[in-house]
Amino acid sequence: MKYVRVKFNGQPTWGELSHESVYLLDQAPYEGGQKTGKVLALKDCEVLAPCQPSKIVAVGKNYHDHIKEFDAQIPERPILFIKPSTAIQDPGKPIILPPQTLCSRVDYEGELALVIAKEASHVSAADAAQYILGYTILNDVTARDLQKLDGQWTRAKGFDTFAPVGPVLTDEVDPADLMITTTLNGHVRQQESTAQLIWTIPELLAFITQAMTLLPGDVVTTGTPAGVGPMLATDIVAVTIDGIGTLQNPVMASPYSLD
Ligand code: ZN
């Protein structure tokens, strides 16, 4: 099944996607959404981020080659952090840079993400798959200089618009071997298969749910491969994952200034 979230009569509305048609649902799929009978052509739809999570749980340093580019050690266990739900941005909408006086380097991080189907607490790796509604793309945008300056990552990864997600949510892919390609202005910057993940998705869900309950609709994002780098205003960043699609966003200068 493939799901999208689109604007219908000005309201965010879930839909099932089949052959470029969107079959609208009365609720989110993880709330038991049923088809309303209304069908839209995908090309006529404004596509929104396919999630409304209570939280985004993210994983740092989960690809060997990304750890090498920062000269870091392989962690003994997954490093978790939370991105606020207010950071979510829709496909095609701008990533807004903080004022330059606040931070001077903002990086893209193309990642495979998943959306939780049902409440998950103390889930075993063997059972993890049944808690997953589907897979999507997340760009874990990071203010790299603030990440170093603060010593922890909440502010650096938590700005509004720093979590573009989408365009599609699908369970029709094998998450164990998906190619992630990130381009900046059309030039390839990251290209790696999820087969290179240090901790697999079942292992991550077991580890996360030992600590916290994942709620239906929550997002887990699995870490980024090597090749991260800065984005500047007017750049276009695009993350493509086979079978999911392309999440593309323009980069915009801050409309706010700090004096
Ligand atoms: Zn990341």
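Derived scalar couplings between HN and Hα for region 63-72 equal 10, 3, 6, 6, 5, 4, 5, 9, 6, 9 Hz in order, rounded to whole Hz, by the Karplus curve 6.51 cos²θ - 1.76 cosθ + 1.60 (θ = phi - 60°), x for Gly and Pro. Taken about its Cα centre, region 34-146 carries a charge dipole of roughly 380 debye when the Cβ of each Lys and Arg holds +1 and the Cβ of each Asp and Glu holds -1. Under the classification rounded if a/c is under 1.5, otherwise prolate if a/b is larger than b/c and oblate if not, where does region 1-148 fall, given a ≥ b ≥ c as square roots of the Cα gyration tensor eigenvalues? Oblate is the answer for region 1-148, as a/c is 1.5 or above yet b/c matches or exceeds a/b. Volume per residue of the convex hull around the Cα atoms, evaluated for region 107-259, comes out as 123 Å³.
For the chain, the ratio of Cα radius of gyration to the globular rule of thumb 2.2 N^0.38 Å stands at 0.97. Report note on the peptides 93-101, 166-174: ranked by the mean count of other C-beta atoms within 10 Å, highest first, their order is 166-174, 93-101.
For GLN89, the residues whose modelled amide H falls within less than 5 Å of its own, excluding neighbours fewer than 5 places apart on the same chain, are ALA163, VAL165.
Fully extending the segment from SER257 to GLN191 would add 20.2 nm, taking 0.36 nm per residue of separation and subtracting the current Cα-Cα distance. From largest to smallest, the equivalent ellipsoid semi-axes obtained for region 121-202 from the alpha-carbon gyration tensor read 26, 19, 13 Å. Arranged from fewest to most other beta-carbon atoms within 10 Å of their beta carbon, LYS148, LYS55 become LYS148, LYS55.
Ranking of TYR108, TYR63 by neighbouring Cβ atoms within 10 Å, starting from the fewest: TYR63, TYR108. Its Kirkwood hydrodynamic radius, worked out from the mean inverse distance over all distinct Cα pairs, puts region 157-209 at 13.6 Å. Rounded to the nearest 20, the Cβ-based charge dipole of region 2-47 about its Cα centre (Lys and Arg +1, Asp and Glu -1) stands at 40 debye.
Here's the picture: charge each Lys and Arg Cβ at +1 and each Asp and Glu Cβ at -1 in the chain, and of THR170, ASN9, LEU204 the one pushed furthest to the positive end of that dipole is ASN9. Placing unit charges on the Cβ atoms only, positive for Lys and Arg and negative for Asp and Glu, gives region 49-252 a dipole magnitude near 600 debye about its Cα centre.
Too long at a 30 Å Cα-Cα cut-off: which of LYS38/LYS118; LYS43/LYS157; LYS83/LYS118; LYS68/LYS93; LYS35/LYS61; LYS43/LYS68? Correct reply: LYS43/LYS157; LYS68/LYS93; LYS35/LYS61; LYS43/LYS68. For the pair region 205-243 / region 1-48, the C-alpha centres are spaced 23 Å from each other.
Of the beta bridges in the chain, as assigned by DSSP with both residues counted there, near 90 percent are antiparallel. As a rough guide to protection, the peptides 2-15, 20-33 ranked by mean Cβ packing within 10 Å, highest first, stand as 2-15, 20-33. Under the criterion of Cα pairs below 8 Å and six or more residues apart, the relative contact order for the chain equals 26 percent. Give the residue from GLN89, VAL123, VAL106 lying farthest towards the positive end of the charge dipole for region 1-139; charges sit on Cβ (+1 for Lys and Arg, -1 for Asp and Glu) and the dipole is referred to the Cα centre. Value computed over the given set: GLN89. Taking the fewest neighbouring Cβ atoms within 10 Å as the starting point, the ordered list for LEU133, LEU149 is LEU149, LEU133.
Quick note: the coordinates plus some simple rules give every number you see, no bench work behind them. What you see is a predicted model, and the numbers here were worked out from it, not measured in a lab. We place every Cβ from the backbone using ideal geometry, glycine too, and count neighbours over all the protein chains shown.
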